[in-house]
1. Please compute the modelled spin-label separation between residue 36 and residue 75, points set 7 Å along Cα→Cβ, answer in nm with one decimal.
2. Taking the mean number of other Cβ atoms within 10 Å as a proxy for protection, how do you rank 53-62, 102-111, 70-79 from highest to lowest?
3. Quickly rank 43-49, 82-88, 93-99 as a protection proxy: mean count of other C-beta atoms within 10 Å, highest first.
4. What length, rounded to one decimal in nm, is gained on full extension from residue 88 through to residue 107, with 0.36 nm per residue of separation minus their alpha-carbon distance?
5. Return the distance in nm (one decimal) between the two label points of a simple spin-label model at residue 8 and residue 46, each offset 7 Å from Cα along Cα→Cβ.
6. Which order results if 101, 32 are arranged by neighbouring Cβ count within 10 Å, fewest first?
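Rule-based calculations on the coordinates, nothing more; no lab input. Given the structure is predicted, the values throughout are model-derived calculations rather than measurements. When we count neighbours, we look across all protein chains shown, and the Cβ atoms used for this are built from the backbone with ideal geometry, even at glycine.
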């Protein structure tokens, strides 16, 4: 396994402060931010290692997604966009880890269940 996970966040930035739905499609610019999350010192087959990776990835996602401006008229939209950005980035990092313990711990954290693969035989 690589010593780092690369957490990637795609941010849509526009020249105007208007909501995205009011802009022409060509006015939006997508910026991809990549953050390396160190994993070489973690045992991803242990709960402690999995939890540490999730914490590191969560902090990296929060930093990459930026902090929402909670003073403007679009507070709720900005908070929703920030949370969605962080959630997508964290889920991507967890999937990239390709570690069943990490994925199970994350699924429990977000209130889901781990993916189980069933096998069908004739």
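1. Calculated label separation equals 4.0 nm.
2. The densest-packed peptide leads the list: 53-62, 102-111, 70-79.
3. So the peptides 43-49, 82-88, 93-99, ranked by packing, come out 93-99, 82-88, 43-49.
4. In short, 5.5 nm is gained.
5. With each label point 7 Å from Cα toward Cβ, the separation is 3.2 nm.
6. 32, 101
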